Amino acid sequence: MSGKINLNIDMASTMPGGDYGKVMIDGAGKIEGDLRCERLCCDGGASIEGSVECLGEVESSGMLKIVGNLQCEALESDGAITIEGDMQSESLEINGRGRIAGAVHTGDTEVNGKLSVKGAFFCKDLEVNGSADFAAGVHGEKVELSGSCKVEGDLEADEVEITGSVDISGLLNGEKILIDADSRAKIGDIGGSEIKVLHSGHKMVVSLLGGRRAGGERSRGLTVNSIEGDVVEVVNTTAKVIRGRNITIGHGCRIDCVEYSGQFTAAEGTVTQAVKVE
């Protein structure tokens, strides 16, 4: 037992900030000033006019607004949460709507709802099944994007798997990059050791391609300025240049130039110019 006083708000009221045990908000509450607590639960509507330091978990199934920064062990939101400052946690789960104005440093992250982050996003593992918008880049170890994701800037991770719809304005960089062929993707540049844009029937898949509408218009596929990697295997990809050691260009591709140093194969009519470099 910590001996700290618990704070319960079950009606419209304003309370001062301070150091508490468990904080429960079931009604419409406002906390004025910084809040330090062992656990924070919000089932109603709450505004915290300061920063929050929570030693345990923050749970919100209502509407929670934090004017300052948030530091906690874990954040799980099934409702709507707004954080006007930075956030630091060991894990993050968004099942409703989340908006974070500052930078985020977290561990395992799962987005099943809608998340918007204005600052840089640093995580361990990121899984987007819903919708996510990152305005200042993403940095992680493993990233899986099966929903809709927009990244302004770079996305960097050891492993990246894309099976949804993505728009990355900068560089997608990773050791292994796998893009599902039935996805829609627009990416600035791609760099990595092993880069594959293939149909999802493959064991290791990174496909960002798709079929064609009547009249030859591509309805799905990968559009990218450049791809550079040791091993590159692509289908249904439009690119200005692909550079690498061993390169395989499959059906549905429109590649202006390929520069390779090892082995090169291409389906007929997919590459305008191929150059072997030493």
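Close amide H contacts of residue 116 (hydrogens built in the peptide plane, cut-off under 5 Å, sequence separation of 5 or more or a different chain): 98, 99, 100, 133.
Taken one residue at a time, the phi angles of segment 241-246 give Karplus couplings (6.51, -1.76, 1.60, θ = phi - 60°) of 8, 10, 10, x, 7, 10 Hz. Gly and Pro are set to x. Other residues whose C-beta falls under 13 angstrom from the C-beta of residue 153 contribute a net charge of -4, scoring Lys and Arg +1 and Asp and Glu -1. All other residues whose Cβ lies under 12 angstrom from that of residue 272 are scored, Lys and Arg at +1 and Asp and Glu at -1, for a net of +1. Phi angles across segment 32-37 convert, under the Karplus curve 6.51 cos²θ - 1.76 cosθ + 1.60 with θ = phi - 60°, into 3J(HN,Hα) values of 9, x, 5, 10, 10, 8 Hz, Gly and Pro given as x.
Taking 4.7 Å between C-beta atoms as the pairing limit, the chain has these partnerless cysteines: 37, 41, 42, 123, 149, 253, 257. Taking the Cα centre of the chain as reference, the dipole from Cβ charges on Lys and Arg (+1) and Asp and Glu (-1) amounts to some 1120 debye.
Skip the ligands, DNA and RNA, and give the accessible area per residue of segment 27-66 with a 1.4 Å probe, whole Å². Each step should come with its number before you reach the end.
On the way: 1530 Å² over 40 residues.
Spelled out: the 1.4 Å probe surface of segment 27-66, per residue, equals 38 Å².
Cα centroids of segment 236-275 and segment 62-141: 38 Å apart.
Let me have the relative contact order for the chain, percent, based on Cα pairs under 8 Å that are six or more residues apart. Present the calculation step by step, with values, prior to reporting the outcome.
Numbers: 1002 pairs, mean separation 18.5, N = 278.
Once divided by the residue count of the chain, the mean separation gives 7 percent.
If you wrap a convex hull around the alpha carbons of the chain, what volume per residue comes out, as a whole number of Å³? Write out the running numbers ahead of the final one.
Values: hull volume 34.8 nm³, N = 278.
Normalising the Cα hull of the chain by residue number yields 125 Å³.
Within the assembled protein chains, the solvent-accessible surface assigned to residue 162 is about 0 Å², based on a 1.4 Å probe. To put it simply, the accessible area of segment 237-278 at a 1.4 Å probe is 46 percent carbon and sulfur. Considering only 32, 144, 161, the Gaussian network model of the chain with Cα springs below 10 Å gives its largest mean-square fluctuation to 32. Put a plus charge on the Cβ of each Lys and Arg, a minus charge on the Cβ of each Asp and Glu, and nothing anywhere else: the dipole of segment 141-195 about its Cα centre is then about 260 debye. Each of 67, 257, 109 was scored by the projection of its Cα onto the charge dipole of the chain, and the greatest displacement toward the positive side belongs to 257; charges sit on the C-beta of Lys, Arg, Asp and Glu. Considering only Cα-Cα distances, which of the following residue pairs are longer than 20 Å: 65/142; 124/186; 142/240; 150/186; 124/196; 30/114? Beyond 20 Å: 65/142; 124/186; 142/240; 124/196; 30/114. Note: relative contact order over segment 11-60, using C-alpha pairs below 8 Å and six or more positions apart, is 34 percent.
If you wrap the tightest convex hull around every Cα atom of segment 61-154 and split its volume per residue, you get 63 Å³.
The values are calculated or read from the model by the stated rules, or taken from the named source; none is laboratory data. In this text the structure is predicted, and so the values were computed from the model without any measurement. For neighbour counting, all protein chains shown are included, and Cβ atoms are generated from backbone atoms with ideal geometry for every residue, glycine included. Heavy atoms of the whole protein, side chains included, go into the accessibility calculation; ligands, DNA and RNA do not. Shrake-Rupley method; radii C 1.70, N 1.55, O 1.52, S 1.80 Å.
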